[in-house]
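Step one of this worksheet: look at the structure below.
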Amino acid sequence: MSEAAGLLGRIRKAIVEGASTDAEQLTQEAVAAGVDALDILNDALMSGADEVGAKFESGEYFLPELMLTGRALKAAMAVVSPILEQRTDRSTEDTGKAVIATVKSDIHDIGKNMVASLLTASGFEVTDLGVDVPIKEIIAKAQELDADVIGCSALLTTSMPFLRDLIDLLDAMGERDRFIVMVGGASVTPEYAVHIKADGTAPNAMDAVKEARRLIRAKRENGGNR
Amino acid sequence: MHAYQEILERAGTGKYCTEEDWDLEKVAMTTRRIVEEYSLSWDPDQVVPNDPAVADAVFEAGLQLVRELGAYSRTTERIIDFEAGELEAGISAVPQELTMGEGPDARTLYSRTIMDERPPLVWAGNPGAPTPERLFLPIVKSWMQEPIVDLVTCGSLSEVDGREVRTGDPTEIIATRRELRYMREGLASVGRPGMGMLGAQSSVSELGDLAVAHPDYLRQSDAHLVPMLNELKMDHRNMSKAVNSIEYGMRNASLACVIVGGLGGDAPGCAVVNVASFILANLTCLADYHICHPIDMRHVATSTRRVLWVQGVVEQAFARNAPCIIVSDIYPKSGAMTRELLYETAANAIAITVSGGHLEGCGSADGLLPNGTGLEARFMGEVGHAVTNQQLSLGEANTLVLALLDKYEHLFDRPQGNPGVAFDLAYDMEELVPVPAWQQMYEEVKAEVRELGLAAL
């Protein structure tokens with residue numbers, strides 16, 4: 001086995017095991033040894049993340065494993081991102097920046113945390129604003145970071161109106177076309193998402209990541225328009 | 001100074017910790033280590049736990065988790081520490097009996113034992129299920145009128161006077177007061193005005209809760225929710241609810257909705273977190289009794305193997321080590337007019353009753369829709385009573401529950417769930433009785449469960 005292949009395997013293992021320090025150090029080692037950053041991304045980081053996603057889906061892994069992998073990926077991505085940014089053609093990418101939050105009045109965060117962890121694990125740069133976040137604050141952060149996606153969660157029926165308020169406010173500000181808005185939560189149905197003019201929703205965290213990627217691809221293929 | 005002010009003080013001055021570190025480094029990692037230390041595991045074919053040593057180990061592990069971690073204030077991002085003596089005092093002080101309601105309709109909750117010969121109390125309702133105003137009164141009356149029902153609760157009003165209700169908004173006050181008025185009206189109309197209730201379900205923030213602390217709405221002999229947040233957390237909203245009971249005196253129902261598959265990991269870790277939540281809730285929620293409602297991270301329902309096991313082992317852990325009143329929620333995947341709703345309800349009711357819990361439900365259709373009726377609440381109570389009449393053992397209960405799982409477990413692979421129909425399609429709205437097809441389904445499933453081995457049903 002070549003040195004590069006050995007390193008990629010060890011990075012991948014660190015990602016699957018959620019070992020943050022190992023993931024970061026091994027990624028630095030691989031870069032220093034001249035391993036292509038794109039190979040690190042695809043063959044170690046994304047490949048490891050895919051395995052963790054599959055283990056989570058099958059019930060072998062639980063939320064802590066997902067969070068640890070998210071953290072390990074973040075550490076490794078901090079090493080390879082600056083290199084990749086210099087050469088990446090964003091028009092073919094299907095990841096980007098996501099601002100995510102549970103909306104005002106709602107304090108449930110497990111689903112939102114799962115989506116944030118999986119988005120991170122899939123290469124998104126995620127800013128998680130937490131729970132009970134006023135919609136103005138969510139929009140301001142998305143503007144500041146020039147986010148691609150705003151992801152909002154509401155578990156409670158009585159918090160769902162704030163999802164619509166966010167989209168209405170973006171409209172009123174003339175900013176609606178700038179962001180992909182995804183909504184989610186136990187009571188949010190596809191019909192509700194269409195009703196409030198959100199761009200997408202998903203029944204679970206894995207599908208939310210697929211939907212975010214699909215929407216980003218569609219937007220970029222459409223020259224930046226939703 | 002009331003002792004609770006000391007807890008508030010600690011929430012303001014305790015050690016700072018980010019929420020991410022609390023979740024991952026403290027709760028998840030400590031639970032993982034403790035589960036290994038105590039060698040805790042579970043068997044998916046033993047959904048009704050039947051090993052006293054496991055129940056004891058889960059209790060000790062939960063107590064160790066609280067001693068090591070304390071609680072977390074999400075509002076202040078600080079850790080609320082407790083001395084071991086304070087935790088033990090909280091365990092000793094929790095009521096063993098609690099009278100709910102008034103006059104001839106009053107009932108006394110009591111701490112149950114494993115395989116208790118006394119029947120569980122039957123607390124009927126779909127706690128927190130979003131309910132449109134036009135259906136609210138007929139739905140709650142459908143279980144208030146059932147003779148087997150001892151206590152009642154309800155869903156949350158999702159709209160009032162045609163306007164949507166928003167949490168933390170003046171509409172929450174209107175909704176919570178309206179809910180209590182309907183509950184009073186419903187109980188009076190079925191001739192049981194003194195029946196105790198768990199109310200203020202329309203109050204997610206503290207606003208509605210504060211607005212109904214009055215004898216015309218929520219009496220001192222009624223209960224309201226004081227939840228712990230996932231996991232082992234409080235915030236000032238919920239601490240305000242606890243404080244709202246001081247001097248006024250309504251019953252505090254601590255609620256732990258531990259996510260099974262969440263920060264605690266697999267079932268054993270989540271049972272440990274659930275035990276820890278209840279021990280903390282004696283102090284942080286001023287708990288008079290505990291509501292046990294683990295949530296399956298993938299399937300929500302309480303009828304999955306993992307949740308059945310967690311509920312059972314937590315009830316048994318407390319029954320053996322720190323007796324207290326535990327009321328366990330039944331939230332089936334299925335909704336009205338489905339056979340599976342009745343199978344799921346039976347499975348949960350059997351497992352809870354033999355393990356030492358009282359019964360609360362049903363939050364049919366995952367509690368997401370107004371697709372619950374009084375009929376499954378009746379069935380829940382009948383199953384619970386049959387379990388004690390028949391003196392079912394833990395082993396016999398397990399065999400029965402496994403047979404029931406065979407009849408509904410396939411549902412968990414259905415992306416669309418099994419929501420059934422709304423209340424007004426399952427009940428005759430004039431007579432307030434089940435429509436013939438729903439009644440027939442109930443009779444058939446009841447006979448089936450009897451055949452499976454619950455002969456006293």
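Just so it is clear, none of the values below were taken in a lab; they were calculated from the coordinates. Computed from a predicted model, the values in this text were never measured in an experiment. Glycine gets a Cβ as well: all are built from the backbone with ideal geometry, and neighbour counts include every protein chain shown.
Distant-in-sequence amide contacts of B:TYR427, defined by a placed amide H-H separation under 5 Å and a gap of 5 or more residues or a different chain, comprise B:VAL435.
Rounded to the nearest 20, the Cβ-based charge dipole of the protein assembly as shown about its Cα centre (Lys and Arg +1, Asp and Glu -1) stands at 740 debye. Taking GluC sites (Glu not before Pro) across the range A:129-189, the ones in a DSSP loop with at most 16 further Cβ atoms lying within 10 angstrom of their Cβ are A:GLU175. Given the range A:21-127 reduced to its alpha-carbon atoms as identical point scatterers, what log10 I(q)/I(0) does the Debye formula return at q = 0.09, 0.11, 0.16 Å⁻¹? Log10 of I(q)/I(0), two decimals: -0.25, -0.37, -0.75.
Note on A:104-114: average number of Cβ atoms from other chains within 10 Å of each residue's Cβ is 5. When you work out D = kT/(6 pi eta Rh) for the protein assembly as shown at 20 °C and 1.002 mPa s, using the Kirkwood radius from C-alpha pairs as Rh and the Stokes-Einstein form, the result is 83 µm²/s.
Per-residue extension of 0.36 nm, minus the Cα-Cα distance of B:GLU444 and B:SER240, leaves a gain of 68.7 nm for this segment.
Positive-end ranking of A:ILE15, B:THR75, A:LEU145 along the dipole of the protein assembly as shown, with charges on Cβ about the Cα centre, is headed by A:LEU145.
With the convex hull of the Cα atoms taken as the outline of the range B:24-171, the averaged projected area works out to 14.3 nm². Annotation: amide H-H contacts under 5 Å for A:VAL133 (H modelled 1.01 Å from N, sequence separation of 5 or more, or interchain): A:THR102, A:VAL103, A:LYS104, A:SER105, A:ASP106. Its Kirkwood hydrodynamic radius, worked out from the mean inverse distance over all distinct Cα pairs, puts the range A:70-180 at 14.7 Å. When the convex hull of its Cα atoms is viewed from all sides, the range B:230-383 shows a mean projected area of 9.1 nm².
Ordering A:PHE162, A:PRO64, A:ALA32 by Cα displacement along the dipole of chain A toward the positive end leaves A:PHE162 in first place; charges were set at the Cβ atoms of Lys, Arg (+1) and Asp, Glu (-1). Could you give the length gained on full extension between B:ILE148 and B:ARG181, defined as 0.36 nm per residue of separation minus the Cα-Cα distance, in nm? This chain segment gains 9.6 nm when fully extended. Can you give me the Cα centroid spacing of the range A:38-65 and the range B:283-300 in angstrom? What the calculation gives is 31 Å, centre to centre. Which of the residue pairs A:LYS74/A:LYS97; A:LYS136/A:LYS197; A:LYS104/B:LYS141; A:LYS97/B:LYS15; A:LYS13/A:LYS112; B:LYS333/B:LYS446 have a Cα-Cα distance greater than 23 Å in the structure shown? Check vs 23 Å cut-off fails for A:LYS104/B:LYS141; A:LYS97/B:LYS15; A:LYS13/A:LYS112.
The value of relative contact order for the range B:231-382, using C-alpha pairs under 8 Å at least six residues apart, is 19 percent.
For chain A, the relative contact order works out to 17 percent when only alpha carbon pairs closer than 8 Å and six or more residues apart are counted.
Counting other Cβ atoms within 10 Å, which trypsin sites (Lys or Arg not before Pro) in the range B:3-93 have at most 16 and lie in a DSSP loop? Passing both the DSSP loop test and the Cβ count: B:LYS15. Note on A:56-62: average number of Cβ atoms from other chains within 10 Å of each residue's Cβ is 4.
Using alpha carbon centroids, what distance separates the range B:3-17 and the range B:44-79, in Å? Comparing the Cα centres of the range B:3-17 and the range B:44-79, I get a distance of 22 Å. Of the beta bridges in the protein assembly as shown, as assigned by DSSP with both residues counted there, near 25 percent are antiparallel. Modelled spin-label separation between B:ALA89 and B:SER189, with each label point placed 7 Å from Cα along the Cα-to-Cβ direction: 4.8 nm. Under 19 Å from the 7 Å Cα→Cβ point of B:GLN416, by amide nitrogen: which residues of the range A:158-194? Within reach of a label on B:GLN416: A:187-194. What the Cα atoms of chain B give is an Rg and a Dmax of 20.5, 61 Å. Partners of B:LYS407 within straight-line reach, counting aspartates and glutamates whose Cα lies under 16 Å from its Cα and excluding those fewer than 8 residues away in the same chain: B:ASP45, B:GLU340, B:GLU344, B:GLU444, B:GLU448, B:GLU451. Look at the alpha carbon pairs under 8 Å that are at least 6 residues apart: their mean separation over the length of the range B:52-154 gives a relative contact order of 17 percent. Each peptide in B:47-57, B:359-369 gets a packing score, the mean of other Cβ atoms within 10 Å over its residues, and the list from highest to lowest is B:359-369, B:47-57.
Within chain A, the ratio Rg/Rh, alpha carbon atoms throughout and Rh by Kirkwood, equals 0.99.
Can you give me the C-alpha center-to-center distance between the range A:102-175 and the range B:218-255, rounded to a whole angstrom? So the two Cα centres are separated by 29 Å. Take each residue in B:13-19, count the other chain C-beta atoms within 10 Å of its C-beta, and the mean is 1.
Near the amide H of B:GLY265, within less than 5 Å, lie the amide hydrogens of A:LEU63, all on another chain or at least 5 residues away, with H placed in the peptide plane.
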